[in-house]
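Here's the structure, in structure tokens; my notes come after.
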Amino acid sequence: MINIIFVPVSGPKGVGEYMRSLILADAVNEHYPNASITFILSRQAGYINECPYPVRLVDDSPTKCTKAVNDIVRAIGPDVVVFDASGRAAQYKAAKAIGAKVVFISQHKKKRARAFALNRLPFIDAHCITQMDFVDGDFSYWQKAKLALFRKPAPYFIGPVFATPDDSILSTLALPERYVFFSAGGGGHTAINHSGQLMLAADELLAAARLWQRSTGEHCVLVLGPNYPNTAPLSTAGVTVLTSLPNAQLIAVLKKARCAILGGGAMLAQAVALHVPSIAISLAKDQPRRIKAMHNKNLVAVSALAANDIVKALRGGAPVVQFDCANGRESFLNIIDRVRAP
């Protein structure tokens, strides 16, 4: 048996860290008999009522709620605490003080650098990087020196994490054999359009999907995301609009797409791992570097967040993905086994 707490970044915008932690929690639940799994989430997140595991709520992003997180961890007494791109040194230290193992997950260079801070590194038992190793490059000389000084293992590049596809959703949705997939991640991302107005990225993707469908007749599927704040638009002939899907179903719909229009978050790496031709759009400040690295490897095409630009990119086509990348779920389970070993 294992008692494990997941503490992903959570809030009103993105959903990538929560979804990744949920996928890993499901893997833990399958791997360990009678696993006890708890999530610590912000009460501002739009998906707190959808989590299938016990949830303890804090008032803001867990990283900003050190006392509340520490109180929950002490009360539960877990074997392992997984901080998914979240947490402060005081939270890691508090978890270690009760005998828990601390696993930190990062997905880009700025986040992974935090794990090397001198007030954090001593309290991290394993650092998992859910990005392809070419995106942010090797570790610096000083980072390697710190690992040696504190006798810590090098971070593990586990790559993107995704659930085993549940293909039953395809017949349930009655999707055609050929379609284009659109997703702006969690659904809460906003951007400034060409007119200087603030807009939801998901709404602009919907405009692009409708424009593409009208001009080509090709079916389109848009997933708004669980943090989409408005009333969900209705599906129309040729454009299927979904609020959200469990990851196993989401991956099934993504995997069968002819092409995917995606933000530069976790789903883009999942699409590359699944060999889905993709067009990437930067929706958050951490995404341009990642998109550029993938574009330089000819793994994705790129577009601005504007319906006409997206349609133009679709006409230009996305590269055929020739890159092998394993699902990080199994690597994560092996790491959990390793940190728990006497």
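If the condition is being polar (S, T, N, Q) and in contact with a Cys (Cβ under 8 Å, 6 or more places away or on another chain), then the range 213-271 contributes Q213, T240. Here the condition is being surrounded by fewer than 21 Cβ atoms within 10 Å (Cβ to Cβ) and either among the β-branched types (V, I, T) or at pLDDT 95 or above (or both); of G99, G137, it holds for G99 alone.
For K256, are the conditions met, namely being in contact with a helix residue (DSSP H, G or I) (Cβ under 7 Å, 6 or more places away or on another chain) and open to solvent by 50 Å² or more (accessible area, probe 1.4 Å)? Give the steps one after another, and end with the answer.
Working: in contact with a helix residue (DSSP H, G or I) (Cβ under 7 Å, 6 or more places away or on another chain): yes; open to solvent by 50 Å² or more (accessible area, probe 1.4 Å): yes.
Yes.
Residue-level analysis places F162 outside the set of residues that are out of contact with any His (no Cβ under 6 Å at 6 or more places or on another chain) and part of a strand (DSSP E or B).
Pairs linking a residue in the range 224-240 that is within 16 Å of A174 (Cα to Cα) and at pLDDT 90 or above to a residue that is open to solvent by 30 Å² or more (accessible area, probe 1.4 Å) and assigned to a strand (DSSP E or B), with Cβ atoms under 7 Å and 6 or more positions apart or on different chains, are G238/H219.
Residue by residue, here is whether (1) out of contact with any helix residue (DSSP H, G or I) (no Cβ under 6 Å at 6 or more places or on another chain); (2) surrounded by 17 or more Cβ atoms within 10 Å (Cβ to Cβ); (3) among the polar types (S, T, N, Q); (4) assigned to a strand (DSSP E or B) holds:
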{"site": "M294", "(1), (2), (3), (4)": "yes, yes, no, no"}
{"site": "N298", "(1), (2), (3), (4)": "yes, no, yes, no"}
{"site": "L305", "(1), (2), (3), (4)": "no, yes, no, no"}
{"site": "P319", "(1), (2), (3), (4)": "yes, no, no, no"}
{"site": "A326", "(1), (2), (3), (4)": "yes, no, no, no"}
{"site": "I335", "(1), (2), (3), (4)": "yes, yes, no, no"}
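Counting the residues of the range 40-94 that are within 22 Å of K13 (Cβ to Cβ) and small (G, A, S) gives 8. Inside the range 38-129, counting only helices (runs of 4 or more DSSP H) that do not spill past its ends, which hold 2 or more residues that are farther than 26 Å from R151 by Cβ and out of contact with any Cys (no Cβ under 6 Å at 6 or more places or on another chain)? Hits in the range 38-129: 66-76.
The values are calculated or read from the model by the stated rules, or taken from the named source; none is laboratory data. All figures in this text were calculated on a predicted structure; none of them were measured in a lab. All Cβ positions, glycine included, derive from the backbone under ideal geometry; neighbour counts span all protein chains shown. Just so you know, the surface numbers come from the protein's heavy atoms only, side chains and all, with ligands and any DNA or RNA stripped out. Shrake-Rupley method; radii C 1.70, N 1.55, O 1.52, S 1.80 Å.
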